[in-house]
Amino acid sequence: MVQKAPCLFGSAIVVGLIFAICGILLLIGIPIDRIVNEQVLKQDFLGYTKDENGTEIPNSMTKTWLKPQYKMQLNVWMFNVTNVNGILQRHEKPNLQQIGPFVFDEIQEKIYHRFAENDTRIFYKNKKLYFFNQNASCSGCILEKKVTIPSIIFQKLIDTAEINIGSRFAVEAVLKFVDEAPYITVSIRDALFEGYEDPLIDLICNNKILGKILCESNLLQRKIGFFYGQNGTTDGLYEVDTGIPSPMNIGKLYSWNNLTKMSNKTWDSEYARMINGTDGQLFAPMMKRENRITIFYVAVSGVPSWRFIPPADLYDPKIPKNREFCNAKGTPRFFENTTIQIENCLPAGIIDLSRCQAGSPRVYLSQPHFYNSPKELWYSVTGLDIPSASNDNTFVDLEPVSGVPTQAKRIMQINIGMVKGNVAIVKNTSNVIVPVLWMNETAYFDEGTRDQLIGIFNAKHFSFIGGIISLSLGLIGWLAVFVVIFVYSRQSDDDEYGRLVLDEEEQGENNEAANDLLVNV
């Protein structure tokens with residue numbers, strides 16, 4: 001047994017070392033990561049696979065992409081201007097009453113797709129359908145409810161009055177036939193999807209001077225709605241990368257409506273007119289943390305995800321590249337203080353969409369309640385909720401291995417730039433950016449997608465648990481060897497001590513016997 005002990009100890013040490021190494025590898029995820037990553041990369045592309053009969057059919061990713069099963073909703077809060085008389089007569093700030101949410105269930109589907117460039121690219125059109133959900137909306141939130149909002153048509157008259165004295169007289173003549181023209185009262189239904197006709201339009205088009213300037217040149221839209229023409233339609237033809245041969249390029253945007261850059265009527269610089277990035281629906285797998293965006297670690301229904309948030313300085317014109325999105329020839333001054341609004345640009349957090357709209361109305365986009373904008377914008381009106389990151393920030397949560405969205409919220413506010421001009425009816429007002437509505441468009445992954453992502457998470461989770469167990473067994477094995485060696489050493493010392501004591505006692509007995517013998521002699 002003593003001869004076998006070194007072999008047993010050596011074997012225990014080797015086995016413990018193996019368990020420890022396996023545990024460490026499992027803890028850092030090397031074996032399982034390689035397996036999971038290989039499986040993800042094999043499936044992460046838009047294209048076809050073959051069924052049992054050898055027939056080509058869209059793969060699972062393509063099926064989900066063509067008709068997403070995500071639960072999607074559009075929530076809209078309208079801002080009702082309650083003090084029009086006070087604004088026009090007593091120089092009051094616009095007072096806003098927030099009403100909502102008005103909830104719309106959203107369905108998306110690709111109504112057209114065509115592969116190109118040896119299946120490395122795909123063209124598609126994305127159709128959106130919105131259905132009003134009365135039960136999910138606020139109490140009393142019906143589409144027939146009336147709200148008072150800034151008049152886009154009136155702002156076109158303000159601009160026209162600046163052309164020359166003749167057009168100014170024509171504008172003043174038209175405005176005599178209407179009351180409170182800077183603002184208009186319409187139903188929620190018409191303000192959003194159905195569109196409304198401003199009474200000013202007929203008066204303008206029947207005027208010889210204004211009709212020629214505004215109507216014959218198609219600078220006025222007959223129907224106005226902030227989502228007019230967007231229900232049951234597409235937003236253009238996209239060309240994106242399919243992820244073949246490189247899954248890391250999936251979703252990369254190459255063109256929109258066959259354009260590789262926007263026309264020079266949209267933005268002033270080449271940089272601003274570039275069409276690049278992704279389409280916002282597909283994301284590359286094997287995500288890393290090196291992107292210039294804020295990342296938070298969250299869990300969505302048990303699926304660990306990274307949260308991507310736009311940088312706070314995304315629309316800050318103090319950054320030179322952002323300044324290229326300014327409208328150098330058409331930005332009014334809302335604040336004289338250049339620390340709030342630099343020359344030819346809107347304040348931080350506001351982006352000008354005017355040249356992207358028919359007739360170039362002063363429509364500005366921001367985050368709700370002017371979050372990430374100078375506080376002076378918030379103070380320029382009354383009735384707005386206090387902005388907060390938890391309520392007013394756009395984000396997308398992505399499972400980092402597959403790049404699949406688990407949750408996304410596109411949160412924004414639509415505003416109208418109200419300019420005083422030189423028209424008598426607004427002589428007591430000031431230039432101000434007035435919020436009209438804010439919206440929260442949410443997409444939340446379906447159960448099927450959740451189960452697939454949970455499978456990825458479980459594989460890594462069980463790998464972690466297995467690593468702890470394996471490493472523990474290795475450490476326990478080593479500890480057992482050391483304990484046995486220690487006990488064996490102590491036992492050996494005790495035996496040696498026992499032998500020494502025994503030898504001394506025997507020697508003493510022998511000495512006594514010798515002495516007795518000498519006495520007898």
TODO: Considering only the stretch 147-193, state which residues are buried (at least 17 other Cβ atoms within 10 Å of the Cβ), free of Cβ contacts under 8 Å to residues at least 60 places away in the same chain and not charged (D, E, K, R).
DONE: 151, 154, 160, 167, 170, 174, 184, 186
Open item on the list: polar (S, T, N, Q), in the same structural domain as residue 164 (by TED's automatic domain parsing) and under 30 Å from residue 105 (Cβ atoms): which single residue out of 380, 366, 360, 430 fits that description?
Closed with: 366
Open item on the list: Please verify whether residue 135 is of a type in the set (S, T, N, Q) and over 30 Å from residue 104 (Cβ atoms), treating the condition exactly as stated.
Closed with: no
- [ ] Select from the stretch 290-341 the residues that are assigned to a loop (DSSP other than H, G, I, E, B) and among the small types (Gly, Ala, Ser) and write down the one among them that is modelled with the highest pLDDT.
- [x] 312
Open item on the list: So residue 82 passes all but one of these: (1) under 18 Å from residue 186 (Cβ atoms); (2) out of contact with any Pro (no Cβ under 9 Å at 6 or more places or on another chain); (3) hydroxyl-bearing (Ser, Thr, Tyr). Which condition number does it fail?
Closed with: (2)
TODO: Scan the stretch 435-446 and report the pairs whose first residue is surrounded by 24 or more Cβ atoms within 10 Å (Cβ to Cβ) and whose second residue is in a strand (DSSP E or B) and modelled with pLDDT under 95, with Cβ atoms within less than 6 Å and a gap of 6+ or a chain change.
DONE: 445/406
- [ ] Test each condition in (1) modelled with pLDDT under 85; (2) surrounded by 14 or more Cβ atoms within 10 Å (Cβ to Cβ); (3) not in a helix (DSSP H, G or I) for residue 211 and report the one that comes out false.
- [x] (3)
Open item on the list: Can you confirm whether residue 32 is surrounded by 14 or more Cβ atoms within 10 Å (Cβ to Cβ) and at pLDDT 95 or above?
Closed with: no
Open item on the list: Yes or no: the stretch 151-160 includes at least one residue that is in the same structural domain as residue 224 (by TED's automatic domain parsing) and under 31 Å from the mean Cα position of the chain (by Cα).
Closed with: yes
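The values are calculated or read from the model by the stated rules, or taken from the named source; none is laboratory data. If you're wondering where the values come from, they're calculated on a predicted model, not measured in any experiment. Ideal geometry is used to build each Cβ from the backbone, glycine not excepted, and the neighbour counts take in all protein chains shown.
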